[in-house]
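Structure first, commentary second.
The values are calculated or read from the model by the stated rules, or taken from the named source; none is laboratory data. Being a predicted model, the structure only gives us computed values, none of them experimental. Neighbour counts run over all protein chains shown; Cβ positions are idealised from the backbone, glycine included.
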Amino acid sequence: MIGLFIMAAAAAIAPKPDVIFAIPRRFWGEYNSKLADCGSARNDSRLVIERETLHFYESDATVSQIISNSPTSFVALADYTGEGEHWNGMNEFLLSKDGKTLTMRIPRSQQIAQSDFIRYRCPGGR
(Lines give C-alpha, C1' and ligand atoms only; values in the text may rest on other atoms or scores of the structure.)
Protein backbone atom coordinates (compact mmCIF):
# COMPACT_ATOMS: atom_id res chain seq x y z
CA MET A 1 0.00 0.00 0.00
CA ILE A 2 2.81 2.42 0.87
CA GLY A 3 4.52 1.50 -2.40
CA LEU A 4 1.42 2.51 -4.39
CA PHE A 5 1.24 5.81 -2.51
CA ILE A 6 4.90 6.56 -3.27
CA MET A 7 4.45 5.70 -6.97
CA ALA A 8 1.35 7.92 -7.19
CA ALA A 9 3.15 10.80 -5.48
CA ALA A 10 6.17 10.45 -7.78
CA ALA A 11 3.92 10.46 -10.86
CA ALA A 12 2.16 13.58 -9.63
CA ILE A 13 5.38 15.57 -9.25
CA ALA A 14 7.26 14.20 -12.28
CA PRO A 15 7.56 16.74 -15.10
CA LYS A 16 5.17 16.03 -17.92
CA PRO A 17 6.20 16.61 -21.54
CA ASP A 18 4.53 19.52 -23.30
CA VAL A 19 2.40 18.59 -26.32
CA ILE A 20 2.68 21.13 -29.13
CA PHE A 21 1.87 21.16 -32.82
CA ALA A 22 4.93 22.86 -34.33
CA ILE A 23 8.55 21.82 -34.31
CA PRO A 24 10.54 24.19 -32.08
CA ARG A 25 12.38 26.83 -34.14
CA ARG A 26 15.83 25.90 -32.81
CA PHE A 27 15.56 22.62 -34.79
CA TRP A 28 14.63 24.21 -38.14
CA GLY A 29 17.15 23.93 -40.93
CA GLU A 30 18.99 21.50 -43.15
CA TYR A 31 21.02 18.58 -41.81
CA ASN A 32 23.23 16.09 -43.63
CA SER A 33 25.65 13.31 -42.74
CA LYS A 34 28.27 15.05 -44.91
CA LEU A 35 28.61 18.81 -44.67
CA ALA A 36 30.05 18.93 -48.20
CA ASP A 37 26.65 17.77 -49.53
CA CYS A 38 24.65 20.56 -47.86
CA GLY A 39 22.34 22.44 -50.21
CA SER A 40 22.16 19.57 -52.70
CA ALA A 41 20.38 16.25 -53.15
CA ARG A 42 23.67 14.35 -53.58
CA ASN A 43 23.33 12.52 -50.28
CA ASP A 44 20.31 10.48 -49.22
CA SER A 45 20.86 11.48 -45.58
CA ARG A 46 19.59 15.02 -46.26
CA LEU A 47 16.89 16.18 -43.85
CA VAL A 48 15.18 19.57 -43.86
CA ILE A 49 13.16 20.44 -40.78
CA GLU A 50 10.50 23.14 -40.99
CA ARG A 51 7.71 24.33 -38.70
CA GLU A 52 5.38 21.36 -39.33
CA THR A 53 7.26 19.16 -41.81
CA LEU A 54 10.23 16.86 -42.13
CA HIS A 55 11.67 16.51 -45.66
CA PHE A 56 13.83 13.45 -46.21
CA TYR A 57 15.60 12.32 -49.40
CA GLU A 58 12.66 10.31 -50.77
CA SER A 59 9.86 11.04 -48.30
CA ASP A 60 8.11 13.86 -46.51
CA ALA A 61 6.36 13.89 -43.16
CA THR A 62 3.61 16.16 -41.91
CA VAL A 63 3.78 16.40 -38.15
CA SER A 64 0.55 15.61 -36.34
CA GLN A 65 1.91 16.06 -32.82
CA ILE A 66 5.15 17.12 -31.14
CA ILE A 67 6.03 16.05 -27.65
CA SER A 68 8.69 18.41 -26.34
CA ASN A 69 10.73 16.86 -23.56
CA SER A 70 13.53 19.40 -23.23
CA PRO A 71 15.16 22.34 -25.03
CA THR A 72 17.37 19.85 -26.90
CA SER A 73 14.89 17.12 -27.85
CA PHE A 74 11.44 16.43 -29.20
CA VAL A 75 9.40 13.44 -30.30
CA ALA A 76 7.47 13.78 -33.55
CA LEU A 77 4.37 11.81 -34.44
CA ALA A 78 3.97 12.24 -38.18
CA ASP A 79 2.22 11.08 -41.34
CA TYR A 80 4.82 10.07 -43.92
CA THR A 81 4.53 9.81 -47.71
CA GLY A 82 7.14 8.66 -50.16
CA GLU A 83 7.67 6.36 -53.12
CA GLY A 84 3.89 5.82 -53.42
CA GLU A 85 3.53 4.72 -49.79
CA HIS A 86 1.81 6.24 -46.72
CA TRP A 87 2.64 5.40 -43.11
CA ASN A 88 2.60 6.82 -39.59
CA GLY A 89 5.78 7.06 -37.59
CA MET A 90 7.34 8.33 -34.41
CA ASN A 91 10.92 9.56 -34.07
CA GLU A 92 12.88 11.35 -31.41
CA PHE A 93 15.22 14.18 -32.42
CA LEU A 94 18.12 15.19 -30.15
CA LEU A 95 20.05 18.40 -30.78
CA SER A 96 23.56 18.77 -29.38
CA LYS A 97 24.10 21.59 -26.89
CA ASP A 98 26.00 23.61 -29.51
CA GLY A 99 23.18 23.04 -32.06
CA LYS A 100 25.52 21.54 -34.67
CA THR A 101 24.59 17.85 -34.46
CA LEU A 102 21.15 16.25 -34.75
CA THR A 103 20.53 12.65 -33.77
CA MET A 104 17.37 11.00 -35.05
CA ARG A 105 16.39 8.08 -32.85
CA ILE A 106 14.18 5.45 -34.46
CA PRO A 107 12.31 3.49 -31.77
CA ARG A 108 12.54 -0.25 -31.42
CA SER A 109 8.84 -0.63 -32.29
CA GLN A 110 9.47 0.45 -35.90
CA GLN A 111 12.30 -1.96 -36.63
CA ILE A 112 14.16 -4.88 -35.09
CA ALA A 113 16.50 -2.75 -32.96
CA GLN A 114 16.57 0.88 -31.94
CA SER A 115 18.90 2.90 -34.10
CA ASP A 116 20.35 6.40 -34.06
CA PHE A 117 21.19 8.38 -37.18
CA ILE A 118 23.50 11.39 -36.81
CA ARG A 119 23.41 14.41 -39.11
CA TYR A 120 25.21 17.75 -38.99
CA ARG A 121 23.57 21.16 -39.28
CA CYS A 122 24.34 22.74 -42.62
CA PRO A 123 25.86 26.22 -42.53
CA GLY A 124 23.67 29.13 -43.54
CA GLY A 125 20.48 27.75 -42.00
CA ARG A 126 19.53 25.71 -45.10
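The single condition among (1) part of a loop (DSSP other than H, G, I, E, B); (2) surrounded by 12 or more Cβ atoms within 10 Å (Cβ to Cβ) that GLY124 does not satisfy is (2).
How many of the residues making up segment 26-48 are on the phi > 0 side of the Ramachandran plot and at pLDDT 95 or above?
1
In the set ILE67, ILE106, ILE49, only one residue is more than 21 Å from SER33 (Cβ to Cβ), aliphatic (A, V, I, L, M) and in contact (Cβ under 8 Å) with a residue 12 or more places away in the chain; that residue is ILE67. For the structure I just gave you, tell me whether ILE23 is hydrophobic (A, V, I, L, M, F, W, C), within 14 Å of LEU102 (Cβ to Cβ) and at pLDDT 95 or above. Criteria not met by ILE23. The set of residues in segment 40-54 that are under 20 Å from THR101 (Cβ atoms) and surrounded by 14 or more Cβ atoms within 10 Å (Cβ to Cβ) comprises ASN43, SER45, ARG46, LEU47, VAL48, ILE49, GLU50, LEU54. For segment 24-116, which fully contained strands (runs of 3 or more DSSP E) count at least 1 residues that are of a type in the set (D, E, K, R)? Strands (runs of 3 or more DSSP E) meeting the threshold: 29-32, 60-70, 73-82, 85-95, 101-106. Can you tell me which residue is surrounded by the most Cβ atoms within 10 Å (Cβ to Cβ) among those in segment 26-37 that are of a type in the set (A, V, I, L, M, F, W, C) and under 19 Å from the mean Cα position of the chain (by Cα)? Residue satisfying both the conditions and the ranking: PHE27.
When segment 77-121 is filtered for residues that are modelled with pLDDT under 90 and surrounded by fewer than 12 Cβ atoms within 10 Å (Cβ to Cβ), the ones remaining, listed by number, are ARG108, SER109, GLN111, ILE112, ALA113, ASP116.
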